[in-house]
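First comes the structure, then the notes that go with it.
The values are calculated or read from the model by the stated rules, or taken from the named source; none is laboratory data. Nothing here was measured: the structure is a model prediction, and the numbers come from that model. When we count neighbours, we look across all protein chains shown, and the Cβ atoms used for this are built from the backbone with ideal geometry, even at glycine. Heads up: the accessible areas ignore ligands, DNA and RNA and are worked out on the full protein's heavy atoms, side chains in. Shrake-Rupley method; radii C 1.70, N 1.55, O 1.52, S 1.80 Å.
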Amino acid sequence: MNFKSVELKTIALFLNIALFTVVFFPSCNNNNGGDAAQEGKLAVIFKAKYDGQTMVLNKTYKYFDQSDITFTRSEFFMTDLMVLDQNSQQKTISNTNFVNFTEKNKTEASAEQGISYEFTLPVGTYKNLGFHIGLPPSLNSMQPSDFTVGSPLAEGTNYWAGWKSYIFSKFEGTIKNQNFNDAFGYHSGFDEAYRTVQFTNNFDIKANETTTLVIEFDHKPMFGNNVDYFDIYSQLVFHDTKGGYMARFMDLMSKSFSIK
Amino acid sequence: MLRQGILLLLLFLLIGSCDEHKVNSDADILAVAYSPEDYPINYPKEFPKPAPVPDNPLTKDGVQLGRFLFYDPILSSDSSQSCSSCHNPRVSFSDNLAFPKGVTGIEGPRSSMSLLNVVYFNKGLFWDGRSATLEKQALEPVENPIELHEAWPNVESKLRKHPLYPFMFRKAFGIESRDQITKELAVKAIAQFERIIVGGNNSLYFKQERGEIFFNSDQQDGKDIFFDLEPLIQDGECSHCHAVPLFTANDYFNNGLDSAANYHDFKDVGHGKVSGIASDTGKFKAPSLINIELTAPYMHDGRFKTLEEVMEHYNSGGHGAPNRNPLIYNLKLTAREKKKVIAFLKALTDTTYLSNKDILSPF
């Protein structure tokens, strides 16, 4: 080995290192930057409506029979918010949420804002956003003492001890016509009340941008339609499976959501 | 000139000696070690886990200080009343009065709520929910003119001069001078003490739930009515507002106590004043029914002297109001069914917490 060849080898080694540095490190940077840039936000906003209008607690609306109806409570468990990605792979982006319009919809301004949830997702086109109303059986078999104060699942008010089930949804209010003025309360629970809501709209998640989906939950179709609707006066309260009211109500409820 | 110099020197020495005295006066508390230890507590497995309070964790010395302050009339203007005057451990930390009287002899507007299991109540304290935390709640009765009617600066002064409390504050919170005894630390200690007042899981109800005992037929039927367990038995609709495991929904309701044509008709606006929402007027917190047998009279104004009167109210459906809860209606329970519900309510009594010496008065 002479001096020249050592020198050439040193130069070659230097050039290789330089080449490696130029090629590899920028590509690393690109990868890292690329990962960060490959994500965007999805905002899902739930808005309560009644016959297309913003539903505000204690505000009077017209029922199918022209009775005056108001709501004093509207809340439900929403579990497993899901999307399908481009490969039709199901991704669960949120597990358990308590959608509480009782708190949110006390004023018009607040009700119009809706209840917002935000998630980070890889960029791409998604389809079939969906969620469940109520709790899956494995979660419904638990009880408030399994959770920490602050979780809606720790609240006794969301649980039926006698029947060992969480209460999936609560809707309460008043209904009034010329002859009657009553309060009603429709509560659901048990595994039988678990329902799925699914939308087929595609949506894109773009890098560093927020895509907003508004889910409108109209309270009127939850009670039926112009031809066939709940006679609230004769069924002011239900909170069990007797008479099939709950099953029918939950079927209707699951069809009362639309996406904008 | 010389005289002025001597005067200045004397003044300097005087100030110096004052400082020296101040340092010396706190040297005694600094001699006490500050080595906080977690307070050992096993919350009942039947109840949810209490949320952690990072800025005021339970320590042995914090709980002990809170216990002393809770039972000490030093917090009142005439040293005649303490927190325990209205929250007596023998009656589930309540006082059996419709309207408790403060140090001035004036009656308060509402009854004293039981403090049992208050650690679990995260949606506001007091009947109207006006305090978000126990720390904030404990600030109020001291200065309330119809309760302890004392100014916090006076309380702080009394505590700083006290022969014992400076050392207890040192051990609980690591203060380095008496000046560091503040109302904020005092209420932190009281809140720590209140967070160990837990009970109910040794009541007959929970024993039956655990399979340790049998209910008699009245208790069992009462339970069925309370929880609507039997389709053929009338539903008492009780468990909606008094939900397990704490027998409270931890929420605010209008339970039909008074007639109101509109939201302006309520004599006591209750939670409405706190939330600012019209439909919350006339709503009050649903109290826990654990130890309800011990805490008569009932409702926020103590209007019902007995559980029989309470049952009569609910069975009647109460009075009309725009926000009366829909589950308050004419239940049509028979006299015997009402007695059975009361038998069940009495199965919620549990005074085993009284065997915990950390809960009782140190005086």
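Would you compute, from DSSP H runs of 4+ residues alone, the mean residue ellipticity of chain A at 222 nm, taking -39500 (n - 2.57) per run and dividing by the full residue count, rounded to the nearest 500?
It lands at -7000 deg cm²/dmol.
Once you put a point 7 Å from the Cα of residue B:232 and another 7 Å from the Cα of residue B:28, both along the Cβ direction, what distance in nm separates them?
7.5
Any idea how far apart residue B:213 and residue A:62 come out in nm if each label point goes 7 Å out from Cα toward Cβ?
Taking the simple label geometry, residue B:213 and residue A:62 are separated by 5.9 nm.
Using a 10 Å cut-off on Cβ atoms, rank the peptides B:236-249, B:271-284 from the highest mean neighbour count down.
Values: B:236-249: 24.4, B:271-284: 19.9.
Result, highest mean first: B:236-249, B:271-284.
For the pair residue A:191 and residue B:336, how long in nm is the line joining their label points, each one 7 Å along Cα→Cβ?
3.7
With the cut-off at 1.5 for a/c, could you classify the stretch A:141-260 from its C-alpha gyration tensor as rounded, prolate or oblate?
In terms of gyration-tensor shape, oblate.
If amide H atoms are built 1.01 Å from N in the plane of the peptide, which residues on other chains or at least 5 residues away come under 5 Å of the amide H of residue B:97?
B:112
Of all the Cα-Cα pairs you can form in the stretch A:40-259, what percent are over 31 Å apart?
Here the tail beyond 31 Å accounts for 22 percent of pairs.
Give the residue from B:205, A:147, A:229 lying farthest towards the positive end of the charge dipole for the protein assembly as shown; charges sit on Cβ (+1 for Lys and Arg, -1 for Asp and Glu) and the dipole is referred to the Cα centre.
Result: A:147.
Averaged per residue, what accessible area in Å² does the protein assembly as shown show with a 1.4 Å probe, protein chains only?
47
What is the Cα radius of gyration of chain B over 2.2 N^0.38 Å, N being its residue count?
Against the compact-globule rule of thumb, the ratio is 1.20.
Would you kindly derive the ³J(HN,Hα) couplings of the stretch A:94-109 from the backbone phi angles with the Karplus curve 6.51 cos²θ - 1.76 cosθ + 1.60 (θ = phi - 60°), listing them in order in whole Hz, with x for Gly and Pro?
Couplings: 7, 8, 10, 10, 10, 7, 10, 6, 4, 7, 6, 9, 6, 10, 4, 4 Hz.
Using a Gaussian network model on chain A with a 10 Å cutoff between Cα atoms, which of A:154, A:193, A:111 fluctuates the most?
A:154
Rg and Dmax of the stretch B:201-340, using alpha carbons, in Å: what are they?
For the stretch B:201-340, the Cα radius of gyration and maximum Cα-Cα distance read 15.9, 50 Å.
Using only Cα atoms, what is the ratio of the radius of gyration of the protein assembly as shown to 2.2 N^0.38 Å? Each step should come with its number before you reach the end.
Numbers: Rg = 31.4 Å, N = 623, 2.2 N^0.38 = 25.4 Å.
Cα Rg divided by the expected 2.2 N^0.38 Å: 1.24.
Share of antiparallel DSSP beta bridges in the stretch A:171-260, in percent to the nearest 5? Kindly include the intermediate steps, with their values, before the conclusion.
Working: 10 of 12 bridges.
Once the DSSP bridges in the stretch A:171-260 are tallied, antiparallel ones form about 85 percent.
Using a 1.4 Å probe on the protein heavy atoms, what percent of the accessible area of the stretch A:80-195 belongs to carbon and sulfur?
So the carbon and sulfur contribution to the accessible surface is 44 percent.
Between chains A and B, what is the buried accessible area summed over both chains (1.4 Å probe, protein heavy atoms, nearest 100 Å²)?
For A against B, buried area totals roughly 2400 Å².
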